[in-house]
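Here the structure is laid out as structure tokens; the discussion comes afterwards.
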Amino acid sequence: MDAYALIVTGNIKQAKYYQQALQSAGFQAEYVTTGARAQVQLAFTTPDLILMNINLPDMPGEVVVRQIIAHQRLDTSVLFLISDDGFTDISQGRLQTYNFAQAIDPKVLASLASEMCQFGAQI
């Protein structure tokens, strides 16, 4: 079964680029464009990778991150945080987390995501 990635960003064009990149790396990838949709999706799924831009249109991304941290079921998820304004100072608790101060190149994302999720599966 393919690893599952959830992309959370208000930028649909960016979301589609990331989705295509992750799918080309073997992920089953889908995206949501609001924090509220992310909360619903995360209530019913356990992604191997969560790629989230903390600058969301409907709520601060920090709210979603704190809810992710609160769910032990998501402890095995790898969390990639992107901040367009450079702010990524969020306490990630137990999660394997990587911060990016700006949008990440889709090819770099695909490679890094594959490596991190394979590494996480071996722990």
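Could I have the simple spin-label model distance between Val40 and Ala103, label points 7 Å from Cα toward Cβ, reported in nm to one decimal?
Taking the two extended label points, one gets 2.6 nm.
Taking only the alpha carbons of segment 1-71, what extent do you get along each of the three principal axes, in Å, biggest first?
Taking max minus min along each principal axis of the Cα atoms, segment 1-71 gives 30, 26, 14 Å.
Could you check the simple spin-label distance between Asp58 and Ser114, using points 7 Å along Cα→Cβ, in nm with one decimal?
Distance between label points: 3.4 nm.
Using the beta-carbon distance between Gln67 and Ser24 and R0 = 25 Å, what value does 1/(1 + (r/R0)^6) give for FRET efficiency, to the nearest 0.05? If you can, show how the numbers build up before the last one.
On the way: r = 30 Å, r/R0 = 1.18.
It comes to 0.25.
Every number here is computed from the coordinates shown, using simple stated rules; none is lab data. Just so it is clear, the structure is predicted and the values come from calculations on it, not from any experiment. Positions of Cβ are backbone-derived with ideal geometry, glycine not excepted, and every protein chain shown enters the neighbour counts.
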